[in-house]
Structures are given as C-alpha cells and as structure tokens.
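Novice: One structure is given below, represented as structure tokens, and several questions about it will come after.
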Amino acid sequence: MTRTDPADVPFPNAQLHFGVFFQGVNHWTIWSDPASGSQIDPASYRRVAQAAERGLFDAFFLGEGLRLREVDGRIHDLDVAGRPDAITQLAALAAVTDKIGLVSTSNTTFNEPADLARRLSGLDLLSGGRAGWNVVTTDNAWTGANFRRGGYLDHADRYHRAEQFLTVARALWDSWSDGAAASSADAPSWSAPGAVARVREHTTQFDVDLAPTLPRSAQGHPVIFQAGDSAEGRDFAARNADVIFSAHGTDFDDALAFATDLRTRLRAAGRPIDDLRILPGTEIIIGATEEEATEKKRWIRLAQVTPATALNVAGLVWNLDLSDRDADGPLPAEDPVIAENSGAFGSRRIADPRETVARWRAQAEANGWSLRETVIALGPQRGHVGTPAGLAEKFLRFARHGAVDGFNITPYLIPDGLDDIVNLLVPELQERGGYRTEYAGRTLREHLGLREPLTRRTADARTRRAG
Amino acid sequence: MPHRVGRLTFHPAPAPAPHPTVPPAPWKDTEVPLHLALEIDGDGAHPAAWRRAAHAPDTLLTPERVRGVGTIAENAGFTLVTLDDDVLPPGPAPAPVGRIGAVERAAYLAASTSTLGIAPVVSTSYAEPFHTSSQLASLDHISIGRAGWLVAISPAPETARVWGRPPVEGPEAHLREARDSIRASRELWDSWEDDAVIREVATSRYLDRDRLHYIDFTGETFAVKGPAIVPRPPQGQLVVFAPDGLLPAGVADVTLVSRPDPAVLRRADTPLTFAEVELALDTPAGTAADRIADLERHAPWPDRGRLRYTGGADGLVRLLTELTSVVDGVRLHALVLDEDLAVLSRLVLPALRTARVTAAPVPGHSLSTTLGLSRPANRYASAAPTGDAR
C-alpha cells in the first residue's frame, strides 16, 4: 500500500476519530474464547472504556434492545445477551474515566422526553460534558409488549415522534440560563429569578409543561448520534444529528457515496458540511503481517460463525428453521419462504431472499463451499483486516477523501479486544499525523470538533451581541 | 421537649456519661442491632440548608458533590445512603430547584465506593416499570450487589404534565401503580435464572433459554411480557424500601416509619423496619439550636411527622441506642449535610461502633447480606438440570 500524498486529497488534514461500541448482542462478539470475559460485570465495561481512553478515543458507545432477541418465537440462545441499562452503566463509567465521551443508545418510542432528557442531562453533568445520545426508534408491537404505552408507531410516525422528541429535549436542555444557580450561599435565592424558563410544548406526540431541574453541561447539550440508513433516516440525521453512525465503512466507494449523499442532504437542511461527523461501525482485525491478519480473520470468522450460527443466519435468509441441517453440508435445496416481517428480531430482514439464495447457490457451487463457508464468505460483511501500517494508510485515505471521519469499532473480544488497536494501530496513525496525541478538550463535543449547539439561548446571545 | 420513642420517653439533654455503653447483643438475624442509613440528597433536610452548605449553589449539581458526600458516608461506616428524587424541582425558589436523577447519581456513586449500600428513590406513578426494573438491576450489577430501591409515588397533579401522561387520579391509583410496578420489577429480576448464561461451546449455546422466562405480568393498568434485558441482579432481588402504608404485605423488604410507635410498628409487615430520624447536632460552627434558628430566618423546617433530634452527639448516640429495642435501623436526615455529617462521622458513628450498636458493612457483602436478609430463591427456578435432554 502506498502512502497518500496529502496534497492530492480534499481533506489533507483530516483526523480520525474512534469510538468503541461495546455491543452486547450479535454473533460478532466471540464468547467461546477462553479470554472472553463477562458481558455484565462492571469490570468488563471499565476495562474497555479505560483502554479506549488510553487510546485517546472520542467515545464509548452502548447499544440498547428493549426486548431479548428471538428466532422463530423462541429466545435466541446462540449470541451474547443481557446488557445493562445504557445511561445507568455510563453514569458509573463517568466516575472511572476522565475524558472519553459516553454515548447511550436510547429509544424515543418507549420513553418520554422530560424523563429521558433529564437522565441524559444527569449523565452529561456527572461526566463533565461527555454525554452522547444515539437516537433510535422502534416501530413494532413486539417490543411494545414490554411497555405501559404498548402498541407501536408505524414507520413514518416513529420519525415524527423522534423529531418532536428532540425538539422537546432541546427546549428542556436550554431552559436554564447560564449562571442560573447562585455562585454564593449569601445570594438572596438559590437560583436567579427568571433564570429557569418553564417549558411548554404541545405537539402531535407530546403535551408537556414543566420546570426542568438541570442546567446545561460544559458542552451545552449531549451530542446527538443517529444511525438511520433509509432516505428518511438520512434526512433525519441531516436535520438533527451531530454524528452519524453508519453501516458504510468497509468499502471505500460505498463509504464515499454515503458521505457525499449525506453532505447533499446536510446542505439541503441548511447546515454546513462540516457540521456532521460520519463514524461507520466496523470491526478491525490486526496482524503483524498481511498473512497473519488473514489467518486471524479466518479463525475469528470460524469462532463467530459457528455451525449453529451459520444455520441461524441461513435460516433468516430462507425464512426456514434450518437448525437440524448440517452446516458443513450443502445449501438447503428449498426455495426461500416469503413472509411479512413480524418486527421480532430474527424475522425476515432480507430485501430479496430469492435473489440472495440464487447468488449464494451460484457462488457455493463455483467454489465448492459448504453452507457455513458460504455464510462466512457471503453473509453480512464488515470490518477491516491488515497490518497496523496498512490499516493506518487505508483509514487515512478514507478520511482524507471525506469518506469517513473515523470509526465506531466493535471489538470481537470483550474485554481485551481493543488492545491491539490502541497499542498498534493508534501509534501508526499518530506517526502519520492523522490522530490526536493527546486530548485537546474536555468534552465529547470538543473531541469531535463540533460547534456548540445552535440553540434558542445561543441564538439570543448572538442577536444581542450583533445588536 | 421530650421525644417519645415507642414506649420510651427520651430527653435530649446532654448525656452525663461521654461514652454510653450498651452490651453487644445479636438482634433478629442480623449481626448488629442497628443499621444506619443516611439521606444525601441536596444540602440537607432543611429547605434552607444550602445557606449553611460548605459550597456554593452552583457546585451542587456536580460529580464532585455526589462523590464527596457519598464517600464521607462510606468512610463514616453507614450501611447505606438514600437519594431522594422527583421530576419536579426539589423546592420552590428561593430553595434549590435543581437535582440530578437519583439513579444516575447512584450509579456514579456505586463506581466511586466499595462497601456502601445505595438506594435511589424511583417513583412508580408514571415511570415505565420495564425501564425502572432495568435501571435498578443495572445499578445492582454496577455496585456488585449493593443496590436498593426506595419506592415513592408522585401524587402532585403537575407530575402528569411533566410526563405528558394522563394523571393518575387519587391515592388508591398511586398505591396500585406502586404495587404493580414493584411486582413487575420483581418478576423481571427473576426472569433470568442465576445460571442462565451457560456458554456451552459444544452446542454453541450462550444461553439456556429454559432458564429465561416470559413473565407475562398483567397489572391493573399495564402488562409486561419479559424477560428482562438485564441478567438477574447479583442480589437476586434488590432490597426494596418503602414508606409505611404505601404497599400491601409481602411487597417490600424494609418499611420506613416516621414514628416508631407500637401501633405503626405492629402494622409494618416487612422483614425489617427503619425509623426516620431528623437531626440537628451541636457542631463547632454553632449549637443545633443556633443553627436551626439561623435557617429559620429564611424558611421553617417543615414537620414531616418524623422523630426529630436536636442537641449534642452524645444524646443522639443514646437515642439511637434506645431505638435498637424497637426498630432494625434508622434513616437519618441531617439539617445540613456539610455540618452534621462531620459530627456523625467523628463522634456519633464511632461511639455506636465501639459499643457494637452498629457496624460498618463488611467488604464483599451485598446490601441484603449486611441487612441480614437471605438471598431470595428465584420464583421461576427450574428443577435440576436435565443434561442433554435439551
């Protein structure tokens, strides 16, 4: 791999930003390895967060799933499962980290804005301005079965609700004037008169009236992450998000096309193109040589895609229970079953199963692959494999062409899976001038190089200054 | 004024003996006769406590404050701290109007301490029981078994407008939500058996799905399918604290009584009973009476019907020692945390420890172990494993 001449690229000074995604679900996390640790012990979370902080990462990221995954109506038993509540876990990590951002995935369908905005504010204050919120929505009654409000929103309404949710949350986060709480116990009142504005919001989804209980943090508002990939989701991100956590980070052309599309939407939303960071989720496999890295990938894939997992992944494509088949044998002879998506995790998600099956059959036949080998080769693909230097060059090419701003890295092993990246890859990036050598700021917003949120209060202040 | 404590009458005059002694005696099934809880929300029990706090108002809502008070309580040897909460502001101006959520503070404090029990207030009137259950189970994991739940209701009508939900109308309805929320949480905490994670490489199974349970909880106003998304808490069940009269029998573990009168104590049908005790102590900065008078210039100290002690450390030691004969623990509400906690730490708790009236939690013990509660069996626990039958 050749070094990129910085003069030839649109963003020669681009800096890579890393997050770590402690996933807690999916077969990408290997639990069969003797070094695989607990998915719930607080020590695992502390270990990963502190390793990431040692590697000068921007963020530690937690997901959320409000119902345990099922396949064919039964609890999915092959993958890691059982996660802590994200904000609660992150509030604990705030006490044992100093710099790293703490990002919670939290759902707008099954929360109410005053409660969730307050919890996020609490995390933001306890961490000194390091909180982030990955805004997600749910559109199925299957998840609703765990909630008072029950039911579900259809796909369009869930974004309406999410957007209104954000509007209300931002109003809550802006309700306290700077310096609202007195700086002396001799003050006539704990808070200055009129310093806390009541928030009254009446929208199609919400009708609230309250005096919020928390000031703004050192970063103003929690940083907003979003992961939607549909046209609607991308527009939502372009209007609302500070960071997009995309699925377009493996292939350069795909990543660049996604970033270009996002910037078009960002401009259409009236925002400057540097207002949004693009951090695709990825796995990174590092070896001392290309051969070693390739060999490492082979055993990692075999550990991730066990025979049972191969049958499960294929079962999702065929929409059939294939658990009694032989993963090391040929592909199922049947045609895939076409059915409605019930919303349950593990129900059919493949856009065109007939096309997928035809492609898999052709490739398996041409290469003599078993079902498991086919799933490994053609199933969901992700990640980068290489040497530290090779990966550093590759990632800087992505960043310097504006295809990504960095990566949200999912370790395949908990809690030690980040060590190679921190110890081997980060120094290579630093040597090439593409990665920070120390934290320049204190807040997540500063780490990401984002502007302070343009809020009602900052807008008012600017108007006053301009006037 | 003498205080009545059950059948006792207590006069908080300075004690003649500086070091009262009480014979060490086992009490119920716990190692010590008296468990000590401390409420650490805000600046103290008095609405104007912030005026005597050792810090400015604009440093109340900070991690340093949470860690500072919590670690002093741990160092002092308290069994647990409680953290009051509500979505409404803690007080009207000129009192403090800001408060970080109790679960978030509790989690931060759990990662900053090692033996202290931590029980946040979580109100049941409007919260989603599934979220409440997940948050509290997570707190128990984070603290490795030191978490409790102080149940509260939110009867103020304006709370419904904060949540944007139809109001829960009338006391009966709030009690119903409390009861159903706790029952749903308890079922969710049991919905993973302790050994649900099997990591059986030979069969590629991480979970034994037979050790996970749909709870299919149906309350009067809501239903929850389950199972939990968080594995069973280390304690099995969190220790549930509830004010006297809030819950039907068999739902909570510890009843908090405002006055330890015989009638109230007979009514409490939980394994443990704690008395609520408000206190103002003589400190180097002023006598208890002077300090109260100073704060009363700004606001009255509302009478919440709780036992209230005013005076020197020795008198409080005697009061708490007397209370060992009627309750299992006390929850202290200090006039001004920054002033009274120092006296509790330097004088009161050491005297009680020396007399073996109380003891600091043993490292590695869960909150329920410290309180002498046995670890609950799992209501869904299956019979002996069936080997390769599944």
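Taken together, the values in this text are just the output of simple stated rules run on the coordinates, not laboratory data. It should be emphasised that the depicted structure is a prediction, and the values quoted were computed from it without experimental measurement. Because the Cβ atoms are built from the backbone with ideal geometry, glycine has one as well, and the counts that use them run over all protein chains shown.
Novice: With N residues in chain B, what two-decimal value do you get for its Cα radius of gyration over 2.2 N^0.38 Å? Don't skip to the answer; put the middle values down first.
Specialist: On the way: Rg = 21.6 Å, N = 390, 2.2 N^0.38 = 21.2 Å.
Normalised Rg, Cα atoms only: 1.02.
Novice: Among A:Thr204, A:Thr309, B:Thr221, B:Thr203, which comes first, second and so on when ranked by fewest other beta-carbon atoms within 10 Å? Let's see the in-between values first.
Specialist: Details: A:Thr204 9, A:Thr309 21, B:Thr221 12, B:Thr203 15.
So the ranking, lowest neighbour count to highest, is A:Thr204, B:Thr221, B:Thr203, A:Thr309.
Novice: I need the shape label for region A:275-335. Rule: rounded when a/c is under 1.5, else prolate if a/b > b/c, else oblate, with a, b, c from the alpha carbon gyration tensor. Write down the numbers at each step before the final one.
Specialist: Working: a/c = 3.61, a/b = 1.53, b/c = 2.35.
Oblate is the answer for region A:275-335, as a/c is 1.5 or above yet b/c matches or exceeds a/b.
Novice: So what's the gap between the Cα centers of region A:211-262 and region B:211-277, to the nearest angstrom?
Specialist: Centre-to-centre (Cα) distance: 41 Å.
Novice: Is the shape of region A:71-120 rounded, prolate or oblate, going by the alpha carbon gyration tensor and its root eigenvalues a ≥ b ≥ c, with a/c under 1.5 for rounded and a/b larger than b/c for prolate? All intermediate terms of the calculation are to be shown ahead of the outcome.
Specialist: On the way: a/c = 3.51, a/b = 1.45, b/c = 2.42.
It is oblate, given that a/c is not under 1.5 and a/b is not larger than b/c.
Novice: Obtain the nm distance between the two label points defined at B:Ala263 and B:Ala156 by a simple spin-label model: each point lies 7 Å from its Cα along the Cα-to-C-beta direction.
Specialist: It works out to 3.0 nm between the two label points.
Novice: With a/c under 1.5 counting as rounded, go ahead and sort region A:121-248 into rounded, prolate or oblate using the C-alpha gyration tensor (a ≥ b ≥ c being the square roots of the eigenvalues; past the cut-off, prolate if a/b is larger than b/c, else oblate).
Specialist: Because a/c hits 1.5 or more and a/b exceeds b/c, region A:121-248 counts as prolate.
Novice: If we restrict to alpha carbons, what Rg and Dmax does region A:14-81 come to, in Å?
Specialist: Answer for region A:14-81, Rg first and Dmax second: 14.3, 47 Å.
Novice: What is the P(r) of region A:231-279, as percent of Cα-Cα pairs per 10 Å bin from 0?
Specialist: Per 10 Å bin, starting at zero, the Cα-Cα P(r) for region A:231-279 comes out as 30, 59, 11 percent.
Novice: Gain in length, A:Ala43 to A:His202, computed as 0.36 nm per residue apart minus the alpha-carbon separation, to one decimal in nm?
Specialist: 52.9 nm
Novice: Is it possible to state the helix-based mean residue ellipticity at 222 nm for chain B, with each DSSP H run of 4+ residues giving -39500 (n - 2.57), the sum divided by total residues, to the nearest 500 deg cm²/dmol? What is it?
Specialist: -8000 deg cm²/dmol
Novice: Around B:Thr283, under 14 Å between beta carbons, what's the net of Lys plus Arg minus Asp minus Glu among the other residues? Numbers along the way, then the final one.
Specialist: On the way: positive: B:Arg52, B:Arg291, B:Arg346; negative: B:Asp282, B:Asp290, B:Asp294, B:Asp314, B:Asp338, B:Glu339, B:Asp340.
Summing Lys/Arg as +1 and Asp/Glu as -1 gives -4.
Novice: Just from its helices, what would the mean residue ellipticity at 222 nm be for chain A, if runs of 4 or more DSSP H residues each count -39500 (n - 2.57) and the sum is divided by every residue, rounded to the nearest 500 deg cm²/dmol? Working shown, then result.
Specialist: Numbers: 15 runs with 172 residues, N = 467.
Calculated mean residue ellipticity at 222 nm is -11500 deg cm²/dmol.
Novice: List B:Asp282, A:Asp328, B:Asp244 from most exposed to least, where exposure is judged by having the fewest other Cβ atoms within 10 Å. All intermediate terms of the calculation are to be shown ahead of the outcome.
Specialist: Numbers: B:Asp282 22, A:Asp328 11, B:Asp244 19.
Ranking B:Asp282, A:Asp328, B:Asp244 by Cβ neighbours within 10 Å, fewest first, gives A:Asp328, B:Asp244, B:Asp282.
Novice: Using Cα pairs closer than 8 Å and at least 6 residues apart in sequence, work out the relative contact order for chain A, in percent.
Specialist: Once normalised by length, the contact order is 24 percent.
Novice: Then there's this: Roughly what percent of Cα-Cα pairs across region A:1-154 reach past 22 Å?
Specialist: Numbers: 6116 of 11781 pairs.
In whole percent, the long-distance tail amounts to 52.
Novice: In addition: Work out how far the C-alpha atoms of the protein assembly as shown reach from end to end along every principal axis, then list the three figures in whole Å, largest first.
Specialist: On the principal axes, the protein assembly as shown reaches 95, 77, 51 Å in Cα extent.
Novice: If you don't mind, there's one more thing I want to ask. Using a 7 Å offset from the Cα along the Cα-to-Cβ direction at both A:Thr356 and B:Arg304, what is the distance between the two label points in nm, to one decimal?
Specialist: 5.6
Novice: Can you give me the P(r) profile for region B:226-330? Cα pairs, bins 10 angstrom wide beginning at 0, each as a whole percent.
Specialist: Spelled out bin by bin, region B:226-330 gives 13, 33, 27, 19, 7, 1 percent.
Novice: Give, as a single signed number, the net charge of other residues whose beta carbon lies under 12 Å from the beta carbon of B:Glu39, with Lys and Arg counted +1 and Asp and Glu -1.
Specialist: Within the 12 Å Cβ shell, the charges total -4.
Novice: Here's something else I'd like to know. When every alpha-carbon pair in chain A is counted, what percent end up more than 29 Å apart?
Specialist: Numbers: 56658 of 108811 pairs.
I get 52 percent for the Cα pairs in chain A exceeding 29 Å.
Novice: Separate question: If you take every DSSP beta bridge whose two residues both sit in chain A, what share of them, in percent to the nearest 5, is antiparallel? Could the numbers behind the result be given before it?
Specialist: Numbers: 9 of 40 bridges.
Bridges in chain A that DSSP calls antiparallel: roughly 20 percent.
Novice: Could you put A:Ser191, B:Ser143 in order, starting from the residue whose Cβ has the fewest other Cβ atoms within 10 Å? Write out the running numbers ahead of the final one.
Specialist: On the way: A:Ser191 24, B:Ser143 28.
Result, fewest neighbours first: A:Ser191, B:Ser143.
Novice: Still on this structure, please answer the following. Hey, how many Å between the Cα centroid of region B:137-155 and the Cα centroid of region A:377-407?
Specialist: Region B:137-155 and region A:377-407 have Cα centres spaced 42 Å from each other.
Novice: Here's a follow-up. Excluding residues fewer than 8 places away in the same chain, name every one of the aspartates and glutamates whose C-alpha is closer than 15 Å to that of A:Lys297.
Specialist: A:Asp33, A:Glu283, A:Glu373, A:Asp420
Novice: How charged is the neighbourhood of B:Glu74? Take every other residue with its Cβ under 12 Å from the Cβ of B:Glu74, and add Lys/Arg as +1 and Asp/Glu as -1. Before the final figure, lay out the partial values.
Specialist: Details: positive: B:Arg67, B:Arg146; negative: none.
Charge balance in the 12 Å sphere: +2.
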